[in-house]
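Notes to accompany the following structure.
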Amino acid sequence: MNYLELKGLSARIMRQNHPLLRSVSLALAPGEVRGLVGESGAGKSMIGKAVLGILPKAVELTGGEIWLDGQDLQRLSARDRRHRIGQSCALIPQDPLTALNPSRRIAPQITDRLVDILGWERARAVTRAEELLHEVRIEDPARVMRAYPHELSGGMRQRILIASAFAAEPKLIVADEPTTALDVTVQKQILKLIKDMQARHGTAILFVTHDLGVVSKVCNRLSVLYGGMVVEDNDIDSFFAGPRHPYSRALLAATPKYTDPGASLTPVPDSVIAGVRGEIEAFDQRQAHV
Amino acid sequence: MADARMMVRRQAGARLWLSAFWLGLVALAALFAPLIAPHDPLAQDLFLGRMPPFWVAGAEPGYWLGTDSLGRDVLSRLIYGARIALTVALVAGAATCVLGAGLGLMAGYMRGWVDTVISRFIDIWMAFPPVLFSILLIAVMGPGLISIIIAIVIIDWTRFARVIRAEAMGQGAMDYVASARVAGRGRISTMLTEILPNVLPTIVVLLTLEMGIAVIIEAILSFVNLSIPTDDATWGGMISEGRVSIHQAWWVLVFPLIALFLTVLAFSQLGEGLKDRYDPVLR
Amino acid sequence: MGRLLTTLITLLGVAVVVFVVIRVVPGNPIAMMLPPGATEADIARLNALYGFDKSIPQQFFIWLGGVVQGDFGTSITARQPVTGMVLGRLPATLELSVMALVMACVMGGAMALWGTRRRETKTEAAIDVANGMALSVPDFLWGLLLILGFGVLWPVFHISGRVTPSLELPFTTNFYLFESLIRLRFDLWADIVSHMFLPALALAIPLSAIIGQLLKQSLKETMHLDYVTLARTRGYGETHVILREALRNAILPTLTLVGVQFTFLIGGTVIIERLFSYEGLGNMAIEAVTNRDLPLIQGIVILFALIFTGVNLVVDLLYAVLNPRLRHG
Ligand SMILES: Nc1ncnc2c1ncn2[C@@H]1O[C@H](COP(=O)(O)OP(=O)(O)OP(=O)(O)O)[C@@H](O)[C@H]1O
Ligand SMILES: [Mg+2]
């Protein structure tokens, strides 16, 4: 039984005939980590936002279903949907520098949800938050809880955001390029941290990235996106053994090997791009004739 | 999104036209006051004191908007009042603009001690309550149209100077200015040919707004009985009188108030409309 | 420290400007005070009494020397110390200004929150139009409209004075509004509020529009930020997100502007007090100007300048307190 399932999800910019998501289907079993890869603008973040109900105002869903824990989210009232997502999902954002409210201390930013949405006692929430901060290897949790975001480094803030995401024991986490904004050495620590935490808490993660190297380290499965369309859905081992779709193959070839950083990059060849473009056009035409 | 923006555009257009229409009307009234006004605005008739406007029972035929306590025709005074209001708006507005924008340009472009001195003056001016300052000036200079205009210029030049100074600073830092200087042009010449045209839209917008403000200041000064010798027809003077007799003759207050309200609103909407349309900086 | 120094220079500049403006221009205040039959000797005697026989710089330094000791001279018309007269009226003006400020913040804040809640809808467009109107029309005109509306057509508020004259006032200070509350005299309090409401509203309307516009704009910008989005994923609704996550950060840019605008509001009390015959500093100032009461005028203008610069200092402090980055940086 899948924890999250997208069935033919389509989205476009409000009142414009410009699809952003083209019938996206993917599933996430409990405890599974699914990578979502593709070039910039492919619609990776859009999928994460659709799941969490935070699509930009200008974007509307035009079709498909989002099932969370056996329930079709779109059938719920806005309020219930928000609460369900708040109770069982969490987001690890891309940029830790902007994801914490600069005028509030850290403590309430972690504990608010536990108290307001999950109905915990304030004291229990604080203890829990400190535990979690400890778990993400923050030295002095009590001090950090009292700090303002600007007093902390980027790496620290991302740890806090990870702690905050796991604090409510969500069943699903959307991690939207959680390491891109950090410098390389910190990136590795944070990745490892996410992986450890995931293993310990058994959380399913939708992991958005454009780095196949990262995918190979943390994910069980992956979906390759192009132009808002899933071109390949595969498990990690068979994907890295041999991608099925030509675009995925080119993408993999374009990724520098961790084992061989000196290898030259081969860009995705034009012929491959032309190929996927053709698929997209064919898809749009089929849609138009329905 | 696009629809909303279109709506705003259209509203802005309507706003501009309505404002221009009203101001045109006021201008015509001011220009042709002797031809349009049904009565002499100064003629008193104590037997016709506080006659109500035409639709109210007891109105005196020929006095469309009623009369004030001295029996003067409200409509005629309103029309003649437009003359003073517009004169003040145009002359004081333009003079304030020239002085304020000139100083602002110099401060912003020349920097250095010029800027220091002008900025210090702006600071001092900002610490004055403007209405009190203008009243003070009038009390000192004595009432009269010229005094009012001078007072407005003296209290309001900072409004231009502050904005234009900031803009000139921004413009002065741009490449094309540097290249003009490199090409061997003098400072003043660069200021007038390179900077001035670029801040001109802002100046026009500020000028429009300033005219509205000038009208209000004139009204305020007339209201406290300091502007023009009292029997001359000014909207502020009429309002002042209307305020006193508000329970007996509301029309003496209401009509000049409406005229003043619409004129001030029109100037400011015109300014805002122009700003939205032409000035990317102020927007 | 540098701030304090520039403030002092500004105040000194104000003093010089007022001093010069009043004295350079012809027109003898003493002559106006005397009965028609007064002799040259009488004039000279009075001139000497008020120090008008000395040169302008001399007069200035004598006056400045007094000011430093809190002595602003003697009013020509009332023949009383200016300091006492001015301080006696100050509470009335302060209460009016603060009341107006509070009203402006409440109205502007409500507009901003409501407009943000309903952003990109017709409601927001309507709020924008209303704000635009409120902004275009100055306090003087709002005052007149309010007098017409709520004083005459539908007379629910008082339109002149500060308190009904026939009432017995048990007050020891001139902070009537405040003291009536402290003494639990709600009957008096209601009467005072009913007098103050319209003038305060007239002052508040333009400022509320500015606050509404600016706060809404910065709220809307804040609503796109990551931490706001994150709060949404945590199950919070729009209203909650606006109030708890966005508001505090959005308020900071508004605050600085409100400071400057508040000084404009205080400047506006001069004419509004006149309009509503409210016995504050502004009304006194206009009387002083009409009577050419030089020492009184100087005192009042300096006091206004003090208030203006004081407000600006307070705003800077408040900004530092509200902005954690400055507080701990
Ligand atoms: N607020 C918005 N309004 C309209 N279109 C948007 C908006 N945000 C994103 N888009 C469009 O949606 C498409 C998908 O964006 P998305 O953010 O999902 O890309 P992405 O795959 O996450 O890319 P990246 O790797 O750069 O984050 C892009 O073409 C983008 O232009
Ligand atoms: Mg993205």
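The values are calculated or read from the model by the stated rules, or taken from the named source; none is laboratory data. None of the values given here were measured: they were computed from a predicted structure. Neighbour counts run over all protein chains shown; Cβ positions are idealised from the backbone, glycine included. Please note that ligands, DNA and RNA were not included when accessible areas were found on the heavy atoms of the full protein model with its side chains. Shrake-Rupley method; radii C 1.70, N 1.55, O 1.52, S 1.80 Å.
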Both in Å, the radius of gyration and Dmax of the C-alpha trace of segment A:143-290 are 18.6, 61
For C:Thr77, the accessible surface traced by a 1.4 Å probe with all protein chains present amounts, in square angstrom to the nearest 10, to 70
Return the FRET efficiency for the residue pair B:Phe32, C:Thr164: r is the Cβ-Cβ distance, R0 is 41 Å, and the value is rounded to the nearest 0.05. 0.25
With all protein chains present and a 1.4 Å probe, the order of B:His247, C:His158, C:His224, A:His210 from largest accessible area down is C:His224, B:His247, A:His210, C:His158
Value at 222 nm in deg cm²/dmol, rounded to 500, when DSSP H runs of n ≥ 4 in the protein assembly as shown each add -39,500 (n - 2.57): -20500 deg cm²/dmol
One finds, for C:Ala190 and C:Val102 with R0 = 25 angstrom and r their Cβ-Cβ distance, a FRET efficiency to the nearest 0.05 of 0.90
Residue by residue through segment A:207-224, the couplings from Karplus 6.51 cos²θ - 1.76 cosθ + 1.60 with θ = phi - 60°, in Hz, x for Gly and Pro, are 9, 8, 6, 10, 10, 5, x, 4, 4, 4, 8, 10, 9, 9, 10, 8, 10, 9
Taking the 0 to 90 degree range and rounding to the nearest ten, how far is the long axis of helix A:154-167 tilted relative to the main principal axis of chain A, both from C-alpha atoms? 90
Once both label points are put 7 Å beyond Cα along the C-beta direction, the C:Ala110-C:Leu318 separation in nm becomes 2.0
Just to confirm, what accessible area per residue do you get for segment C:102-210 at 1.4 Å probe, in whole Å²? 46
With x for Gly and Pro, the residue-by-residue ³J(HN,Hα) of segment A:137-143, computed from phi through the Karplus equation 6.51 cos²θ - 1.76 cosθ + 1.60 at θ = phi - 60° and given in whole Hz, is 6, 9, 4, 10, x, 4, 5
Angle, helix C:186-222 long axis vs. longest principal axis of chain C, Cα atoms, 0 to 90°, nearest 10? 50
Cα Rg over Rh - chain C, Kirkwood: 1.06
For chain B, return all DSSP H helices satisfying: extent of Cα atoms along own axis at least 24 Å; mean Kyte-Doolittle hydropathy at least 0.5. B:2-31, B:93-110, B:145-172, B:196-223, B:250-278
Stokes-Einstein at 4 °C, 1.567 mPa s, Kirkwood radius from Cα pairs: D for chain A in µm² s⁻¹? 65
If Rh is defined by the Kirkwood formula over all Cα pairs and Rg also comes from Cα, what ratio Rg/Rh do you get for segment A:100-229? 0.98
How about segment A:7-74: which trypsin sites (Lys or Arg not before Pro) there are in a DSSP loop, with at most 14 other Cβ atoms within 10 Å of their Cβ? A:Arg15, A:Lys57
Estimated Rh, chain B: Kirkwood, alpha-carbon pairs, angstrom: 20.8
May I ask you to list the GluC sites (Glu not before Pro) in segment A:58-136 that are in a DSSP loop and have at most 12 other Cβ atoms within 10 Å of their Cβ? A:Glu121
Once both label points are put 7 Å beyond Cα along the C-beta direction, the C:Ser277-A:His83 separation in nm becomes 6.0
If one takes the longest principal axis of the Cα atoms in chain A, at what angle in degrees, from 0 to 90 and to the nearest 10, does the Cα axis of helix A:184-201 lie? 80
Could you name the lysines in cross-link range of A:Lys188, using Cα to Cα under 28 Å and dropping any fewer than eight places away on the same chain? A:Lys44, A:Lys49, A:Lys171, A:Lys217, A:Lys257
Separation in nanometres of the label points that stand 7 Å from Cα toward Cβ, at A:Ser25 and C:Val20: 8.5
In whole angstrom, largest first, the equivalent ellipsoid semi-axes that the Cα gyration tensor gives for the protein assembly as shown are 65, 31, 29
Calculated FRET efficiency for the pair B:Leu262/A:Arg137, C-beta based, R₀ 51 Å, to 0.05: 0.15
In order through segment C:85-98: 3J(HN,Hα) via Karplus (6.51 cos²θ - 1.76 cosθ + 1.60), integer Hz, x for Gly, Pro: 4, 5, 5, x, 8, 3, x, 4, 5, 4, 4, 5, 5, 5
In whole percent, and with a 1.4 Å probe on the protein chains, what portion of the accessible area of segment C:89-327 is carbon and sulfur? 68
So how far, in whole Å, is the C-alpha centre of segment A:56-85 from the one of segment A:134-198? 27
